[in-house]
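Notes follow the structure.
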Amino acid sequence: MLRHGKVGAAVQNNPNTTLVTQTAPIATVTHGGRAKCLQRLVRLDLPVPATVALSFDAVHAIASGHLPDIDAIMRQFPQDALLCVRPSSEDPDWGGPSAILNIGMNDARYEVLCATLGTDAASVLFTRFVQSYAIHVDRLDPDMFDHITGEGAQALADVLRAYEDETETPFPNTRAEQLAGVLKSMARAWEGTSARLLRQAKGAPVDAGLGLVVQQMAFGVGEGECGSGVLQLVSSKTGKPQITGRYLRQSQGRDALHADAASLYITRDNRGPSLQDEVPDCFDQLVTHAQLMRTRLREEMQVEFTIENGQLRILDGVRLARSSRATVRIAVQLARDGIIPRQEALMRVEPNTLNELLHRQVDRHAKRDILGSGIAASPGAATGRIVFSATDAQASASRGEDCILVRRETSPEDIRGMHAAKAVITERGGITSHAAVIGRGIGLPCVVGVSNIRFQTRKQQLLTEDGRVIKAGEVVTVDGTNGTILLGAPAMQEAALDDAFQDLMDWADAERDIDIRANADTPADAQTARNFAAQGIGLCRTEHMFFEAGRLTVMREMIFAETSDDRRAVLERLLPMQRADFIQLFAIMQGQPVCIRLFDPPLHEFLPTDRNGQRELADALDLPLSDVTRRIEAMMEYNPMLGLRGVRLGVTVPEIYEMQARAIFEATVEASRDGDPVVPEIMIPLVSAKREVELVRTRIDAIAAAVATEKGAQFTYNLGVMVETPRAALRAGDIAQHCSFLSFGTNDLTQMTYGLSRDDAGRFMSDYVRQEVFAEDPFHSLDIDGVGELLKLGSERGRAARPDITLSICGEHGGNPESIAFCRTAGFDYVSCSPFRVPVARLAAAQLAIGHKIG
Ligand code: PEP
Ligand code: MG
């Protein structure tokens, strides 16, 4: 083995074929990650076998037929040393050709090895080399060796004969010839179309280069203690300290990892013998080296090693493959140990990977029997028996049985069933449809727009594309993280909100410069929002409160009331319930801002759609059934639900907003009694004209004055407008004069900008994305060019009219890292997203701020 001194100057001075020394000109961008890592190991003075690195340019030249000086490369190694060649791309995830070991095996070398290792062992090595050369270098069909059995001298002779028969030439017998063949084949493989497409799919640029490293083989086969293996210091699954790996005597490469290999454990283990017990010196050195690599390479590595006659060699170090959970712990622990700064730890975790920590997930290694798929609308996974109605879901829950709610689409009527279920799947819908929004809000796994399963809801069964019938009561698993429905109950991995996660979140908060609030409708949501350290509620959709037990009937009575006075009388009964809701929200949020959106949906959503429900309603209201059905039909609205809803109800049926405003102000007085004064925020939905705001504002101001007088209390409140129609964005300057904040509702704004029903988009969205009509589902990822322009215009016009106006976004995009980047650049004060997206948003915002600071 070469030590890293002055030897090999001819190669060392050539930046394209460079002996890896402490000072050689090697960089990841010119020679690839593996070559750079090996140089780092050399700098740490670890026992790395001699290595020559070939640059991207050199490999590119080889692919075009210009070989480097092979003799000059070979002079860097002892004459009889066997060599291996391994790929070194810029990013290991981009792949590369398979490593080829034992280059230099030939008749003469075989003779020597027969004398030292015995004929059998030498034959195995040579046979394997011929086979791998034939398959990877000459690209011969692996089947050509199928008829050869055994591994001894006879097998070797047979393999060599098969090679000669197939190629009509003898097997190359010199090390130089073999090395040239290997380099050529690897260079060409990298430039091939399928390899290029494969790596581009993993994010590699079109012109991504390949480096190669030629390394002297450390021989894991031979006399004395010989073998090879891998070691890591932490668990890939949890990231917690746990020295693991395998070691296999008389082996090379990664043989120790084969499932049927008689490998040793690395540390003492009661399941069998271990390296720690059997070769303690090497074990100790190995752990010391691995710890040094961790500290100096600033990363958790997997160490590839060989023991050659009792001497430890470090062949390579690769960044440890890891789960999302381990990603967080490893980054945090490196920062806690002072190895990397906190900012770097924050930058190392991709925000969306937090989703996997916040929810239970299907275990990555579990077997999946996929029944169908749709849009991954709310992450996490859950298993249960399928039920086809909200009532059945509630009945299941009361029996203590986990269930999955299956619906064509959900409506507010299904909310209680959704709360009772463990997951929801719907045939229709997109990323902002009802089931999706509620699912994300309450952390319920949800898949919508499942177009490849037939929902036969009358028959209470699902019919899959491959003809399987899944009946009510059968157990399925919903994987809301990747949008699949699985048969049965695969193994799960639990959520992991551990100390590492908490530290990461605290560090994120110290960095970020945009506030993060949560969309929360119920006390339970608000509590989740607080647990995830949201800085207030950015959107409380009050209509959900009217679906609670005991309220729906009152609501229906109000809808059927003939006169304004009758409506007021019924709303009087809802008032104390709403007041109690708000008192509870204010209490949970402990002085943090709470933005309450006034009633938004069309009224028909509160009315029964089925005959039984309508009959019950007729009984309750003491009206003829025909009157009830006629009224319901007259009120019916259809997707995209752009009729009598939002502020249009506020203007035409003002009693509802008046009741809500009173409930908010009375709750404000109540909640401010024993604590800091509460300053509620009231938001008007679906505004498109300034006059709408003027009308509603006048009424709300009057109610505020009345409550203040009645209660003898002083309070203030902020009135804001939800900008979710294109016109409101364009006229934001007028509108801003009448309110103190503008919150962009990007769900409706996207729907209206595209003229695309948010509840029906799922039917063709995947086709549209596949054919690149849309880069991404615009309901999922903010359309910066179109909807973004409206946001920009609206915010600029709003701010010009009222410089102190508060700007925010509260559509589902609020939790999306790219949308947060947009809002931050546009100078928004906060983003508001589903409670379970809050950690993702906190981390994404921190990364943006760090990126900004470090330029
Ligand atoms: C919106 O339209 O962006 C919004 C937040 O409101 P909703 O989803 O309730 O329509
Ligand atoms: Mg809306």
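Ala290 passes every criterion in (1) assigned to a helix (DSSP H, G or I); (2) touching an Asp or Glu at 6+ places or on another chain (Cβ under 7 Å); (3) of a type in the set (Gly, Ala, Ser) apart from (2). Just one of the listed residues (Ile850, Ile820) is out of contact with any strand residue (DSSP E or B) (no Cβ under 9 Å at 6 or more places or on another chain), of a type in the set (A, V, I, L, M) and at pLDDT 95 or above, and it is Ile850.
Listed here are the residues, each with its yes/no results for (1) aliphatic (A, V, I, L, M); (2) surrounded by fewer than 16 Cβ atoms within 10 Å (Cβ to Cβ).
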{"site": "Met418", "(1), (2)": "yes, no"}
{"site": "Ala435", "(1), (2)": "yes, no"}
{"site": "Cys446", "(1), (2)": "no, no"}
{"site": "Thr457", "(1), (2)": "no, yes"}
{"site": "Met505", "(1), (2)": "yes, no"}
{"site": "Glu511", "(1), (2)": "no, no"}
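When Pro142, Pro87, Pro170 are screened for being within 29 Å of Arg196 (Cα to Cα), in contact with a helix residue (DSSP H, G or I) (Cβ under 8 Å, 6 or more places away or on another chain) and exposed (fewer than 14 other Cβ atoms within 10 Å of the Cβ), only Pro142 passes. All of Ser781, Ser808 fail the test of being within 16 Å of ligand 2 (Cβ to nearest atom) and closer than 25 Å to Leu354 by Cβ, apart from Ser808. Residue pairs whose Cβ atoms lie under 7 Å apart, sitting 6 or more positions apart in sequence or on different chains, and linking a residue in segment 514-537 that is assigned by TED's automatic domain parsing to the domain that holds Ser834 and charged (D, E, K, R) to a partner that is within 16 Å of ligand 2 (Cβ to nearest atom) and part of a helix (DSSP H, G or I), are Asp521/Gly441; Asp521/His544; Asp525/Gly441. Of the residues Glu818, Glu772, which is charged (D, E, K, R) and part of a helix (DSSP H, G or I)? When all the criteria are applied, what remains is Glu818.
Quick check: is even one residue across segment 828-835 of a type outside the set (Ser, Thr, Tyr), within 19 Å of Ala435 (Cβ to Cβ) and touching a residue at least 12 places away in the same chain (Cβ under 8 Å)? Yes: one or more hits. Inside segment 212-246, can you point out the residues that are among the charged types (D, E, K, R) and over 40 Å from the mean Cα position of the chain (by Cα)? Listed by number, the residues that qualify are Glu223, Glu225. Scanning segment 421-431 for residues that are more than 13 Å from His780 (Cβ to Cβ), part of a loop (DSSP other than H, G, I, E, B) and of a type outside the set (A, V, I, L, M) turns up Lys422, Glu427, Arg428. Residues in segment 192-204 that are assigned to a loop (DSSP other than H, G, I, E, B), under 22 Å from the mean Cα position of the chain (by Cα) and on the phi < 0 side of the Ramachandran plot were compared, and the one that is surrounded by the most Cβ atoms within 10 Å (Cβ to Cβ) is Ala204. Within 16 Å of ligand 2 (Cβ to nearest atom), crowded, with 18+ Cβ neighbours inside 10 Å and either over 29 Å from Val723 (Cα atoms) or of a type outside the set (Ser, Thr, Tyr) (or both), is that true of Leu607? So Leu607 fails the test.
Pairs are defined by a Cβ separation below 6 Å, a sequence spacing of at least 6 or placement on different chains, a first member in segment 371-399 that is of a type in the set (Phe, Trp, Tyr), and a second member that is not in a strand (DSSP E or B); the pairs so defined are Phe388/Thr457; Phe388/Gln460; Phe388/Ala472. The strands (runs of 3 or more DSSP E) falling completely within segment 32-144 that include 3 or more residues that are in contact with a Leu (Cβ under 7 Å, 6 or more places away or on another chain) map to 51-54, 83-89. Leu462: surrounded by 21 or more Cβ atoms within 10 Å (Cβ to Cβ) and farther than 27 Å from Phe606 by Cα, yes or no? It is true that Leu462 is surrounded by 21 or more Cβ atoms within 10 Å (Cβ to Cβ) and farther than 27 Å from Phe606 by Cα. If you go through segment 753-762 and pick out every residue that is more than 19 Å from Ala436 (Cα to Cα) and within 12 Å of ligand 2 (Cβ to nearest atom), you end up with 0. The single condition among (1) within 16 Å of ligand 1 (Cβ to nearest atom); (2) touching a Phe, Trp or Tyr at 6+ places or on another chain (Cβ under 7 Å) that Val721 does not meet is (2).
Looking at Leu642, Leu695, can you tell me which residue is of a type outside the set (Lys, Arg) and touching a helix residue (DSSP H, G or I) at 6+ places or on another chain (Cβ under 7 Å)? Answer to the check: Leu695. The residue pairs whose first member lies in segment 485-507 and is under 19 Å from Ala335 (Cα atoms), whose second member is part of a loop (DSSP other than H, G, I, E, B) and among the small types (Gly, Ala, Ser), and whose beta carbons are closer than 6 Å, counting only pairs six or more residues apart or on different chains, do not exist in this structure.
For every residue, the table says whether it meets (1) surrounded by fewer than 19 Cβ atoms within 10 Å (Cβ to Cβ); (2) away from ligand 1 (no atom under 16 Å from the Cβ).
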position	(1), (2)
Glu494	yes, yes
Ile516	no, no
Thr522	no, no
Arg530	no, yes
Ala533	yes, yes
Ile537	no, no
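From the list Gly762, Gly788, Gly811, the lone residue that is on the phi < 0 side of the Ramachandran plot, more than 15 Å from ligand 1 (Cβ to nearest atom) and under 24 Å from the mean Cα position of the chain (by Cα) is Gly762.
Filtering segment 722-741 to residues that are surrounded by 23 or more Cβ atoms within 10 Å (Cβ to Cβ) and within 14 Å of ligand 2 (Cβ to nearest atom) leaves Met722, Val723, Glu724, Thr725, Ala728, Ala729.
So which residues in segment 268-322 are crowded, with 20+ Cβ neighbours inside 10 Å and β-branched (Val, Ile, Thr), if there are any at all? Selection gives Val279, Val303, Thr306, Ile307, Ile314. Being under 37 Å from the mean Cα position of the chain (by Cα), more than 16 Å from ligand 1 (Cβ to nearest atom) and surrounded by fewer than 24 Cβ atoms within 10 Å (Cβ to Cβ), is that true of even one residue in segment 743-759? Checking segment 743-759: not a single residue is under 37 Å from the mean Cα position of the chain (by Cα), more than 16 Å from ligand 1 (Cβ to nearest atom) and surrounded by fewer than 24 Cβ atoms within 10 Å (Cβ to Cβ).
If the condition is being within 20 Å of Ile735 (Cβ to Cβ), of a type in the set (S, T, N, Q) and away from ligand 2 (no atom under 16 Å from the Cβ), then segment 677-718 contributes Thr698, Asn718.
Surrounded by 14 or more Cβ atoms within 10 Å (Cβ to Cβ), closer than 26 Å to Leu791 by Cβ and free of Cβ contacts under 8 Å to residues at least 40 places away in the same chain: does that describe Leu719? Yes, satisfied. For Glu557, are the conditions met, namely being charged (D, E, K, R), modelled with pLDDT under 95 and assigned to a helix (DSSP H, G or I)? Yes. Of the numbered criteria (1) within 16 Å of ligand 2 (Cβ to nearest atom); (2) at pLDDT 95 or above, the one Met641 fails is (2). Once segment 668-681 is narrowed to residues that are among the β-branched types (Val, Ile, Thr) and surrounded by fewer than 23 Cβ atoms within 10 Å (Cβ to Cβ), the residue that is farthest from ligand 1 (Cβ to nearest atom) is Val669.
The values are calculated or read from the model by the stated rules, or taken from the named source; none is laboratory data. As the structure is a prediction and not an experimental result, all values here were calculated from the model. No Cβ is skipped: glycine too gets one built from the backbone with ideal geometry, and neighbour counts run over all protein chains shown.
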